[in-house]
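Just below is one structure, and these are the notes that go with it.
Since every read-out is calculated from the coordinates, none of them should be taken as a lab result. This structure is a prediction, so every number in the text was calculated from the model and none was measured. Methodologically, a virtual Cβ is constructed for each residue, glycine included, from the backbone with ideal geometry; neighbour enumeration extends over all protein chains shown.
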Amino acid sequence: MPVVSNSVVQKDSAWRSKAPVFVIGCGRSGTTLLYHMVLSAGNFAVYRTESNVINLLEPRFGDLSIARNKRNLLEAWYDSRLYTLSGLDRDEIGKKVMADVNNGGDFLRVIMEEMARKQNVERWAECTPEHILHLPRIKETIPNALIIHIIRDGRDSALSTEKQGYIRRLPGDRKPPVMACGLYWEWMVNKGQRDGLLLGNDYTEVHFEELVTNPRETLARLGEFIQHDLDYDRIQSVGIGSVSEPNTSFKADSNQKFSPVRRWKSSYERKDLATMECLIGNTLRGSGYELETNPDEVENRSELKAMRAVYRRYFDLKLYLKSKTPLGPMLVTKNLSWI
């Protein structure tokens with residue numbers, strides 16, 4: 001077994017302690033909670049929004065080595081809450097972007113480093129769930145990025161996603177809408193895991209349930225990964241955003257203690273739970289979650305297998321068209337209105 005010298009370990013620790021951190025995962029899986037925990041730990045630039053740079057802005061404005069495209073990006077960015085929440089000076093950041101940006105990763109790095117400088121901190125972190133679909137691009141343009149992939153039980157994630165209403169059933173699909181949300185969760189998790197495996201020690205996974213039920217040990221492990229003191233007591237004391245106010249899709253019940261874990265146990269009819277587990281059961285088991293139902297309970301397994309294949313092709317095609325073809329700008333233009 002090769003011996004790793006102390007100097008190599010120290011060098012690795014030194015760059016990791018300054019590297020940008022990406023908190024990613026399927027939407028409604030705890031990305032915001034973990035991101036706000038990281039910010040609450042201190043020495044990270046506080047930017048309480050999703051940047052949407054790699055998934056929306058870069059596809060929308062194309063080659064950012066072209067000055068015209070950069071100017072168009074800046075004008076759209078200035079008119080959005082992404083700029084308002086940055087606290088940056090329009091003229092100053094505009095000059096830096098025009099001089100130093102050639103791609104989406106450059107743009108994100110420039111604005112986040114400038115925020116860190118203004119806030120007198122050393123690091124920055126980012127939390128756009130859909131960036132899980134763009135890990136190769138992130139590492140290509142921000143080589144020192146550290147990736148934390150947070151995974152939540154797909155049965156709970158699907159319930160929360162359905163409440164938000166941003167995943168719609170395909171035409172002709174008569175299954176409950178939550179099933180399409182479960183398939184979206186599986187597709188996102190699978191892609192993140194496949195791409196993450198190629199990143200070696202710059203990628204790690206954490207379960208939402210571990211973060212909620214055993215935060216001290218979980219944060220200690222993640223702190224070692226990013227070489228940062230994620231002190232739980234400090235995080236609770238500072239309490240940025242969802243650390244103090246849970247970011248939930250479900251209305252609070254004054255008679256019940258808030259608990260985002262295993263909500264699926266009381267939310268699905270038995271038949272629907274069996275259908276969901278038939279659709280995404282392999283990924284649930286592969287991610288460490290036990291199934292509640294028996295596959296024999298589902299009569300139409302061949303139909304569900306076909307349904308799963310259709311949705312996966314649909315999600316793959318939509319991502320390909322958005323990120324790899326000239327149709328990308330048209331597909332994401334509408335999405336820019338809410339940022």
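Across bins of 5 angstrom width beginning at 0, how are the C-alpha pair distances of the range 73-168 distributed, in whole percent? Histogramming the range 73-168 at 5 Å steps yields 2, 10, 18, 20, 17, 14, 10, 6, 2, 0 percent.
Quick check on the range 129-263: take the gyration tensor over C-alpha atoms, sort the square-rooted eigenvalues as a ≥ b ≥ c, and tell me if it's rounded (a/c under 1.5), prolate or oblate. Taking the square roots of the gyration eigenvalues as a ≥ b ≥ c, the range 129-263 is oblate.
If you plug the beta carbon distance of Trp15 and Asn214 into 1/(1 + (r/R0)^6) with R0 = 35 Å, you get a FRET efficiency near 0.75. What percent do you get for the relative contact order of the chain when only Cα pairs under 8 Å and 6+ apart count? Relative contact order here is 25 percent. Structural descriptor for the range 154-212: relative contact order 31 percent, calculated from alpha carbon pairs under 8 angstrom and at least 6 residues apart.
Close amide H contacts of Tyr203 (hydrogens built in the peptide plane, cut-off under 5 Å, sequence separation of 5 or more or a different chain): Ile147. The phi-based Karplus calculation (6.51 cos²θ - 1.76 cosθ + 1.60; θ = phi - 60°) puts the 3J(HN,Hα) values of the range 169-176 at 5, 6, x, x, 7, 9, 6, x Hz, whole numbers, x for Gly and Pro. For the peptides 314-327, 199-212, the ranking by mean Cβ contacts within 10 Å, running from highest to lowest, is 199-212, 314-327.
A cut-off of 5 Å between modelled amide H atoms, ignoring neighbours fewer than 5 places along the same chain, links Ile240 with Ser40.
Taking amide H as placed 1.01 Å from N in the peptide plane, Ile151 has its amide H under 5 Å from the amide H of Val206, His207, Phe208, each at least 5 places away in sequence or on another chain.
Applying 1/(1 + (r/R0)^6) with R0 = 45 Å to the Cβ-Cβ distance of Arg81 and Glu297 gives a FRET efficiency near 0.45.
Between Gln119 and Arg48, the modelled label-to-label distance comes to 1.1 nm, taking each label 7 Å out from Cα in the direction of the beta carbon.
The modelled label-to-label distance for the pair Gln227/Asn282, using points 7 Å beyond Cα in the direction of Cβ, is 3.9 nm.
On the basis of the beta-carbon distance and an R0 of 35 Å, Ser237 and Leu317 show a calculated FRET efficiency of 0.15. The modelled label-to-label distance for the pair Glu140/Arg262, using points 7 Å beyond Cα in the direction of Cβ, is 4.3 nm.
Distance between the C-alpha centers of the range 272-302 and the range 101-144? Whole Å please. Cα centres, the range 272-302 to the range 101-144: 37 Å. From most to least packed by mean Cβ count within 10 Å, the peptides 108-114, 27-33, 307-313 give 27-33, 108-114, 307-313.
Across the range 70-83, coupling constants 3J(HN,Hα) worked out from phi with the 6.51/-1.76/1.60 Karplus curve, θ = phi - 60°, read 5, 5, 5, 4, 4, 4, 5, 5, 4, 8, 10, 5, 4, 6 Hz, and Gly and Pro carry x. In this structure, the residue pairs whose Cα-Cα separation is over 21 Å, taken from Lys163/Lys305; Lys163/Lys265; Lys191/Lys305, are Lys163/Lys305. For the chain, the fraction of alpha-carbon pairs lying more than 31 Å apart is 36 percent, rounded to a whole number.
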